[in-house]
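Engineer: Here it is, the structure, as structure tokens.
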Amino acid sequence: MKCPECDADIAIQDDAMSGEIVSCAECGADYELAKNGSDVELKKAETVGEDWGE
Ligand SMILES: [Zn+2]
């Protein structure tokens, strides 16, 4: 996977589970893994106290 922020490689383990948090070693951004079948996406994990706007 590539970091959406800085395009660095992020190692995702084959047995990584959806919802797992991975961090980019280059820029330190945190992402949540979203698995959809064989597709794996990185969703930005918001760790700051932001309102999710429900
Ligand atoms: Zn990065």
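Engineer: For the range 1-23, give me each residue that is under 16 Å from Lys43 (Cβ atoms), assigned to a loop (DSSP other than H, G, I, E, B) and more than 8 Å from the ligand (Cβ to nearest atom).
Structural biologist: Met1, Ile12, Ala16, Met17, Ser18, Gly19, Glu20
Engineer: In the range 11-23, which residue that is within 9 Å of the chain's Cα centre (by Cα) and surrounded by 13 or more Cβ atoms within 10 Å (Cβ to Cβ) is nearest to Gly37 (Cα to Cα)? Explain how you work it out, then say what you get.
Structural biologist: Kept after step one, since they are within 9 Å of the chain's Cα centre (by Cα), are these residues of the range 11-23: 19-23.
Subset that is surrounded by 13 or more Cβ atoms within 10 Å (Cβ to Cβ): 20, 22-23.
Numbers: Glu20: 15, Val22: 19, Ser23: 22 Å.
Ranking the candidates gives Glu20 first.
Engineer: Counting only residues that are surrounded by 13 or more Cβ atoms within 10 Å (Cβ to Cβ) and more than 10 Å from Cys3 (Cβ to Cβ), which one in the range 24-42 is nearest to the ligand (Cβ to nearest atom)?
Structural biologist: In this case the residue turns out to be Asp30.
Only the coordinates and a few stated rules stand behind these numbers; no lab work does. Just so you know, these numbers come straight off a predicted model, no measurement behind them. Cβ atoms come from the backbone with ideal geometry, glycine included; neighbour counts cover every protein chain shown.
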